[in-house]
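Data block below; observations after.
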């Protein structure tokens, strides 16, 4: 519905536009002054047509800024309900950051300014009455806003006058702040469901705050269901810390005419606090609204009523009067008290009187004064009731507290005596006061709808017609202190003076017809009335679902209900439709003729918004929530839902999705395996909320994932193995083909069916603790097969090169070669070079294309011999033979040549050959061409003194065998090649010693089969003397 922006005040372009608008509108007036003419101002009208405060044009902010920029007293017409929450706010402020700085009339036309603040406490209660929302404890679901800020800070705003007429207010953090010197008038308004919250976590905020020298006027205004949220009560706040209307800056004037205040909730709170000014309360009703605190002020309380229900609250329900002049005239007070009195014997008791301050009185002991006050009662009735009077005759329960010399009264004021302050005690303070009985009811009704019964004088009684000469021009004619005109009606709207020019003591005349009050309940209306004059045998109540004309005459046009008990002053009408308005009238009957119908009272029954039933389905680190649609209780829709959650056992909630219209949502990014609580709060369109959130618990599942192995190579008609690992559930990973025209899957074997891309899906089911894994997909190509076939291998020795040959498949791509034994042979293109004696393994591959798969690797292995022209051992043998057998091999120094597998020398003098074959055997061919096998080369080299020097790797292996026989023994094992490693395996010790052809490091593997790097080969060769 709204997004608050309390950290971004309106500046920049908007401010410049307002400046230029104001400048342009002033130009005509400036020109007139320059020409010597008179300045004229043209008032303008601006209309609020948008619900969003920040919309321009048509929003509330726009209308205020236009009125501020235009000279003269402008008018703002409200054409739609709107909320101030979307307008910019300064950080930490409940009021929008734009002020009304020019006089303006705001015409509400019956619309509402409203907001929807909502918070939830750890117990799941939503907006609990009387409690201050605390940061770190409560969770803010939806922030709120106050309404209007009049005048500018830190200046005198004299001349700024604002009237608000016919604009209702609901669900706000405050109504108005009126800056120094400004004036505010509110007329014909219903202000209800207001929270005294400064910002989330800070309370003790007035509903209407009046700065120094402010004039505040309220006419025909009803305040109801005001929640006075207070923070921690401090001693410096004594006796109260918050007021609905607060004029604590001093010097202003408060006027209340026909104002109703009822059903306020809060502690250490009062309805009105006023300092250093005047207060005039006329024709007004205060019902369970808390009291009044005056300091150095003057107050007239005239033709008004003040009633505290049967459960007064400490400090709240008192008249606290300090150095002030007060006149209670023609007014009625009634206190119904409960609770235990204060223990005055306890040191530090709050009941102990302050030395220079107020008395800290027991709940609802009113009024109270401090030194320097003058409190006068004229023609007023003060009734009271208290439990426990027999067991607690404590003077702290007295109605009149403090210095008795500061109270005085006329002879037409009545006080009801009681155990704590009997008639003698009252007359000791007020010698002129009446104390005879009966006056008012001496027992509380306990029901707010019977308020009229409690304030109406008993018949017969001492209050009836007790004030003579009350008619026009009479000595006791009641004048309104606001305009000094006669007051024609009592507080309930009946004629103020009887035909004999008398009036009752107090604010209420005894009517000839009941005065009716109605309040709604759940499918019910609670009616209360006072008793009219005359003989009564019962009552007739008329209930109508359509509006009744006031005054109502004739017979009942709705449903008639008869009440045959003449003493009753209350009735509940049941079986009404929640959310539908009803109109009521009542008249008495005496068995002869019906009486006059009462005033028309109206009420709309409502139930509380229902609590949804919430359920949750755990998922992969998430929970999907569902909830039922609760009963609206008659409140208008649509319903909005707000979700909160927390780890079970934690205190504070975390906000989830809000302003939802549907009844399901997903809460993601939760910790799997952790139990959570989830709450769903409900709010109706009129701001009514469910009293508590619907709660459920759920434990989100842990996640698991599938990881594929290497994709198989599958040809048309061929198969390949698909592999994948799953998550912690332990359930098997299952495969399926998403491309059944290209490939099929049986278990984990994929079969190629046609050329194309094969898509394999993998799934893993969940269990009680794990969610099913998200489906994974692996794609690979299925093509026609092709193979690589090697030609004849080359015959090579160390240092000798040779060609490689192989035939590939039909893709036409070249065959490429690599050496799998780089310690024995290397490859460049299709040429292989012998590096060391041993087995050379060549790998041949051929890439595929759109139709053919890559050919499977083919390998070819062959031996690399030691014989080559550069071999020093063979050259040593040839030279030795020349010197040892000169008759066979002459002349000496013949050229060494290689042909085929032979490295040899030809001796022309003897027509003989001496050679070594790649099979490491020595051959002699005599002059007749006969080839003689002379045995292994290894046998001849020692005889010739040409013991071969092993290659560096073998040299290192031999050295290790000699010096570490317990690790590498017995000696003599053949050097082997596997992959990148050139190594020897020693079976006796079950160990390996090898060299990597990739990184050139020495590696050791023991019987535990853990491969351990031993450092670079170059270092070991130096150490072993093999360099």
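FYI, it's all coordinate maths here, none of it is from the lab. Since the structure is predicted, the reported quantities are computational estimates derived from the model, not experimental observations. Positions of Cβ are generated from backbone atoms using ideal geometry, with glycine treated the same way; all protein chains shown enter the neighbour counts.
Counting only DSSP beta bridges with both residues in the chain, the antiparallel share comes to about 55 percent.
Kirkwood hydrodynamic radius computed over the stretch 451-513 comes to 11.9 Å, based on all pairs of distinct alpha carbons. The peptide list 589-598, 140-149, put in order of mean Cβ contacts within 10 Å with the highest first, becomes 140-149, 589-598. Based on alpha carbons, the Rg and Dmax found for the stretch 952-1024 are 11.1, 29 Å.
Size estimate for the stretch 50-99 follows the Kirkwood approach: the inverse of mean 1/r over distinct Cα pairs works out to 11.4 Å. With Cα atoms defining each centre, the stretch 537-572 and the stretch 85-134 are spaced 40 Å apart in the structure.
Using the per-residue mean of other Cβ atoms lying within 10 Å as a proxy for protection, in what order, highest first, do the peptides 218-226, 153-161 fall? Could the numbers behind the result be given before it?
On the way: 218-226: 20.2, 153-161: 14.2.
Ranking, from highest mean packing down: 218-226, 153-161.
Taking all Cα pairs closer than 8 Å and separated by 6 or more residues, the relative contact order of the stretch 789-865 comes to 34 percent.
Protection proxy ranking for 285-296, 472-483, 781-792, using the average of other Cβ atoms within 10 Å per residue and placing the highest first: 285-296, 781-792, 472-483. Computed as a quarter of the hull surface, the mean projected area of the alpha carbon convex hull for the stretch 516-603 stands at 5.1 nm².
Principal-axis analysis of the Cα atoms of the chain puts helix 60-69 at an angle of about 70° to the longest axis. Neighbour counts of other Cβ atoms within 10 Å put 946, 758 in the fewest-to-most order 946, 758. The Rg/Rh ratio for the stretch 79-136 is 1.07, where Rg is the radius of gyration of the alpha carbons and Rh is the Kirkwood radius.
Order of 205, 45 from fewest to most other C-beta atoms within 10 Å?
45, 205
When 173, 902 are arranged by Cβ crowding within 10 Å, least crowded first, meaning fewest neighbours, the order is 902, 173. Look at where the Cα atoms of the stretch 440-513 and of the stretch 587-654 average out, and the two centres are 40 Å apart.
What does DSSP give for the stretch 952-1024 in terms of the percent of beta bridges that are antiparallel, rounded to the nearest 5?
Numbers: 17 of 17 bridges.
Given both bridge residues lie in the stretch 952-1024, the antiparallel proportion sits at roughly 100 percent.
When you restrict to C-alpha pairs under 8 Å that are six or more residues apart and normalise by the size of the stretch 872-943, the relative contact order lands at 20 percent. May I ask for the distance between the Cα centers of the stretch 707-776 and the stretch 279-307, given as a whole number of Å? The stretch 707-776 and the stretch 279-307 have Cα centres spaced 83 Å from each other.
Compared with the dominant Cα axis of the chain, that is its longest principal axis, helix 952-963 is turned about 90°. Considering only alpha-carbon pairs that sit under 8 angstrom and 6 or more positions apart, the relative contact order computed for the chain is 4 percent.
One-quarter of the Cα convex hull surface for the stretch 711-771, in nm²?
Numbers: hull surface 16.4 nm².
Its average projected convex-hull area is 4.1 nm².
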